[in-house]
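Peer 1: Structure provided below as structure tokens; questions to follow.
The values are calculated or read from the model by the stated rules, or taken from the named source; none is laboratory data. In this text the structure is predicted, and so the values were computed from the model without any measurement. Heads up, the Cβs are rebuilt from the backbone with ideal geometry, glycines too, and the neighbour counts pull from every protein chain shown. In case anyone asks, the SASA skips ligands and DNA or RNA and just uses the protein heavy atoms, side chains included. Shrake-Rupley method; radii C 1.70, N 1.55, O 1.52, S 1.80 Å.
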Amino acid sequence: MKTQSIFLTIAMAFVMLISVNANAQEFAKMDKSPMDAAAFPTSYKEANKLIKIVYSRPQLNDRSISKLAPNGEVWRTGANEAPELTLYTPMALGKTKIPAGTYTFYVIPGEKKWTAIISKDVNVWGSYFYNESNDVARIEVPVTKGDESLEAFSIAFEEANEGVHMHLGWGNMRLAVPFTK
């Protein structure tokens, strides 16, 4: 009986030790390019959104935009996973009508204009697997220069005639991608 009690005590201690180790979690440190989201309407009080993008925000850290997003090459529009763009209502990019749904948003940087691309691919890491045949819409937008330099890549939406503009900013580079209803 005494042996059985000792064995039971050791077994329970072993089970407790395993359960404590199973519950101990190691959490990752803060990502250097944290994930963010922008939507329109911008107010958190407005539940009926037209458009939303979830993206990661790389930092310049004394590097040039052209080093991080080379001209003439497809860029994931941020860091880590390519951004997911959700249209909650059908919209148009240029003359191309796009059904409501979730897409990937890429850009091709250039000196004076960038090409904005909406692709039907989703859950994509970077732009390594970009496939032009999956493009839903493309539009070229002019590059402008902002007064303020932004260290972190940023996206914001603004109401515009017949739709919304998705503004991209990094360093002094600014783009306004026009979506219409």
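Peer 1: Mind checking the angle between helix 2-23 and the chain's longest principal axis? C-alpha axes, 0 to 90 degrees, to the nearest 10.
Peer 2: 10
Peer 1: Return one whole number: the accessible area per residue of the range 34-181 in Å², for a 1.4 Å probe.
Peer 2: Per-residue value: 53 Å².
Peer 1: Sticking with this one: What are the aspartates and glutamates whose alpha-carbon lies under 16 Å from the alpha-carbon of residue 32, with same-chain residues fewer than 8 places away excluded?
Peer 2: Filter leaves 62, 81, 151.
Peer 1: For residue 142, what is the net charge nearby, where nearby means another residue's Cβ is under 13 Å from its Cβ and Lys, Arg count +1, Asp, Glu -1?
Peer 2: Residues close to residue 142 contribute a combined charge of +2.
Peer 1: Over the range 82-175, what percent of the accessible surface lies on carbon and sulfur atoms, probe 1.4 Å?
Peer 2: The nonpolar share, carbon plus sulfur, comes to 49 percent.
Peer 1: Give me the dipole magnitude in Debye, nearest 20, for the chain about the Cα centre, with unit charges on the beta carbon: positive for Lys and Arg, negative for Asp and Glu.
Peer 2: 240
Peer 1: Report the Cα-based extents of the range 93-174 along its three principal axes, largest first, to the nearest Å.
Peer 2: 36, 33, 21
Peer 1: Cross-link candidates for residue 113: which aspartates and glutamates have Cα within less than 15 Å, leaving aside residues fewer than 8 places away along the same chain?
Peer 2: 73, 140
Peer 1: Between their Cα atoms, which of 49/95; 97/145; 67/95; 145/181; 49/97 are more than 20 Å away from each other?
Peer 2: 49/95; 97/145; 67/95; 145/181
Peer 1: Once you compute Rg and the Kirkwood Rh from C-alpha atoms, what is the Rg to Rh ratio for the chain?
Peer 2: On the Cα set of the chain, Rg over Rh gives 1.25.
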